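I have placed the structure first, in the form of structure tokens, so that the comments after it can refer back to it.
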Amino acid sequence: MSDQYGGDDRPGPYQGAFGSSGQQPTPQQTPYGGQPGAGPGPYGGAYGQNPYSSVPGPGVLPPKQVNIAAAISLALGVLCVLLGLFMLTSAGSEIAKTLTGDPSAKGVVVAAVLISSAFYLLPAFFLRKRRRWARTLLIVVAVLGIAGGITALPASLLGLALHATLLYLMLQEPTKRWFQGPR
């Protein structure tokens, strides 16, 4: 249908007050101004196929399971670091007494906390970089956390749940497939 000005009153890519001069693209052009199949952007393609583009190609981004596991691992690592910092305060002897039964075992607890924080933080930083060893390390840490959580029941329900979640996320099929892909 035509409107009173002789134009088409249906919406379309080239109609209306903000449309183009009324020219329709030629069969050799797309609405983006390039050749057919060029897609958006000056380089064409879904991602522009610009070698300097910051947009990753398909299969490069980690699945949500990896992102969640990395976030949980990072949070547990930060908590370990905070516990290590608390050990350096005047409350360190009380914390050592609570954890080991011996208030003079402050150095042992600090060493254990630093090692634990490394075992949480390393996978947290390298999981998203598709490092297979980080996935393996996180699986081992999760199994050890589950074993420790079972021995300390009922006081360790939250830790048990977090480690079980880490293990579940690392054994999911999208996670396995993503780590088997190219690095």
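Odds and ends about this structure:
- Hits in region 168-183 - residues which are among the hydroxyl-bearing types (S, T, Y) and open to solvent by less than 60 Å² (accessible area, probe 1.4 Å): T175
- Set T136, T151, T165: member being closer than 13 Å to I72 by Cα, open to solvent by 40 Å² or more (accessible area, probe 1.4 Å) and β-branched (V, I, T): T165
- Failed criterion for V113 (all others in (1) surrounded by 17 or more Cβ atoms within 10 Å (Cβ to Cβ); (2) within 18 Å of the chain's Cα centre (by Cα) hold): (2)
- Contacts under 9 angstrom Cβ, first residue in region 74-90 being more than 20 Å from L138 (Cα to Cα), partner open to solvent by 80 Å² or more (accessible area, probe 1.4 Å), 6 or more apart: G84/L114
- Of the listed requirements (1) free of Cβ contacts under 8 Å to residues at least 12 places away in the same chain; (2) over 22 Å from L83 (Cβ atoms), T151 misses just one: (2).
The values are calculated or read from the model by the stated rules, or taken from the named source; none is laboratory data. Predicted model, so just to flag it, every value in this text is computed and none were measured. A quick note on method: Cβ atoms are made from the backbone with ideal geometry, for glycine too, and the neighbour counts reach across all protein chains shown. For the accessible areas, the whole protein counts, side chains as well, though only heavy atoms, and no ligand, DNA or RNA atoms are used. Shrake-Rupley method; radii C 1.70, N 1.55, O 1.52, S 1.80 Å.
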